[in-house]
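**Q** For reference, the structure I am asking about is given below.
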Amino acid sequence: MATIVLALGGSLLRPEVEERHAWLEELVSIIRDRVLVDDRIGIVVGGGAPAREGITLARPIIDNEDRLDRIGIAATRLNATIVRESLADAGVTVSGAIPRSINEATMLFDERPVVVMGGTKPGHTTDAVAIRLAIASGAERCIIGTNVDRVYDSDPRDNPNTNGHDSLTHEELQEIVGPAEHTKAGPSGVVDPMGVADATKANLTLCILDGRDHSRIKSAIEGESFHGTIVESEEEE
Ligand code: UTP
């Protein structure tokens, strides 16, 4: 039995794609198969479009990052509810309520093999929540499903010649994402630097991949090699 935590960037539940329910359906099927082999899966869902929309609407009138973060958190819980209800409808034994803290989530793992949550409190993103849930629940690794195929030295949308990485140490990833601080509510880099700092301390393996391709999520959950970036400490390489 393995415990795996999966962070799903909210952009994966993207509104601009036709038939996007097919992605969700495929995700449900991957999770159902893992439960059948007795894995425990924690899923932490990001805020995506509703978070962006809510924060953009309120930013001109709210001059307080914690308040804007709370709008983002509400969006993550909306998206987590979509994933939770889809799993429950497919017969997967998933936790009932959306937990509001890491503690609550780890306790739910004692009752159900699948726990779905969104954000917890202001000051970080759901990547950091996923990494903390992985550490607290003794997970083998944390998979970060995002919308780029791997970690690059800089944003490939701004710099097409940037260098991509199949593997990195925690220190190298921290160097790329920057110091562990939360500056502003809303969109951030490839992985939350606060989460990277926690993963480094706990020596937690991270698998960073393009979550739009469910076969990559499946390979990483199953512990197979995957297209993306694996982050491990030097000793393990
Ligand atoms: P996300 O985790 O979706 O962050 O949370 P993100 O980096 O903006 O988006 P992705 O990774 O592309 O999906 C949305 C916002 O909600 C707040 C932050 O403002 C974050 O930017 N948030 C989320 C918190 O304050 N605390 C949390 O635990 C989670």
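The values are calculated or read from the model by the stated rules, or taken from the named source; none is laboratory data. Every value quoted in this text rests on a predicted model; they were computed, and no experiment measured them. Counting neighbours? That spans all protein chains shown, and the Cβs are built from the backbone with ideal geometry, glycine included. What goes into the accessible areas is simple: the full protein's heavy atoms, side chains included, and nothing from ligands, DNA or RNA. Shrake-Rupley method; radii C 1.70, N 1.55, O 1.52, S 1.80 Å.
**Q** Here are some residues: SER101, SER86. Which one is within 14 Å of the ligand (Cβ to nearest atom), open to solvent by 30 Å² or more (accessible area, probe 1.4 Å) and among the hydroxyl-bearing types (Ser, Thr, Tyr)? Give the steps one after another, and end with the answer.
**A** On the way: SER86 fails: within 14 Å of the ligand (Cβ to nearest atom).
After applying the criteria, what remains is SER101.
**Q** Might you check whether a residue that is open to solvent by 30 Å² or more (accessible area, probe 1.4 Å), of a type in the set (Lys, Arg) and closer than 11 Å to GLY42 by Cα occurs anywhere in the range 105-119?
**A** yes
**Q** Output the residue which, of all residues in the range 126-149 that are within 15 Å of ASP192 (Cα to Cα) and modelled with pLDDT under 95, is surrounded by the most Cβ atoms within 10 Å (Cβ to Cβ). Break it down into steps so the answer makes sense when it comes.
**A** Within the range 126-149, the first condition is being within 15 Å of ASP192 (Cα to Cα), and the residues that meet it are 126-134, 142-148.
With modelled with pLDDT under 95 added as a condition, the list becomes 146-148.
Working: THR146: 23, ASN147: 14, VAL148: 20.
So the residue we want is THR146.
**Q** To continue, here is another question. Are there any pairs, at least 6 apart or on different chains, whose C-beta atoms fall under 7 Å, with the first in the range 203-228 and without any contact (Cβ under 8 Å) to a residue 12 or more places away in the chain and the second open to solvent by 10 Å² or more (accessible area, probe 1.4 Å) and in a loop (DSSP other than H, G, I, E, B), and if so, which?
**A** Every condition considered, the pairs that remain are SER219/SER225; SER219/PHE226.
**Q** Within the range 211-237, take every residue that is loosely packed, with under 15 Cβ neighbours inside 10 Å and either of a type in the set (Gly, Ala, Ser) or in contact with a Leu (Cβ under 7 Å, 6 or more places away or on another chain) (or both) and give me the one that is modelled with the lowest pLDDT. Quick ask: steps written out before the conclusion?
**A** Quick first cut of the range 211-237, residues loosely packed, with under 15 Cβ neighbours inside 10 Å only: 215, 223-225, 227, 233-237.
Still in the running and either of a type in the set (Gly, Ala, Ser) or in contact with a Leu (Cβ under 7 Å, 6 or more places away or on another chain) (or both): 215, 223, 225, 227, 233.
Working: SER215: 96, GLY223: 94, SER225: 96, HIS227: 97, SER233: 86.
Step by step, filter the range 211-237, then rank; the result is SER233.
**Q** Of (1) more than 15 Å from the ligand (Cβ to nearest atom); (2) more than 19 Å from GLU25 (Cα to Cα); (3) of a type in the set (A, V, I, L, M, F, W, C), LEU133 satisfies all except one. Which?
**A** (1)
For every residue, the table says whether it meets (1) of a type in the set (Gly, Ala, Ser); (2) within 12 Å of the ligand (Cβ to nearest atom); (3) touching a His at 6+ places or on another chain (Cβ under 6 Å); (4) under 19 Å from THR146 (Cβ atoms).
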site	(1), (2), (3), (4)
LEU12	no, yes, no, yes
ARG20	no, no, no, yes
VAL28	no, no, no, no
ASP33	no, no, no, no
GLY42	yes, no, no, yes
ARG52	no, yes, no, yes
ALA58	yes, yes, no, no
ASP63	no, no, no, no
THR76	no, yes, no, yes
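**Q** Something else now. Kindly indicate the residue of the range 179-195 that is closer than 16 Å to ILE131 by Cβ and in contact with a Gly (Cβ under 9 Å, 6 or more places away or on another chain) and also modelled with the lowest pLDDT among those meeting that condition.
**A** HIS182
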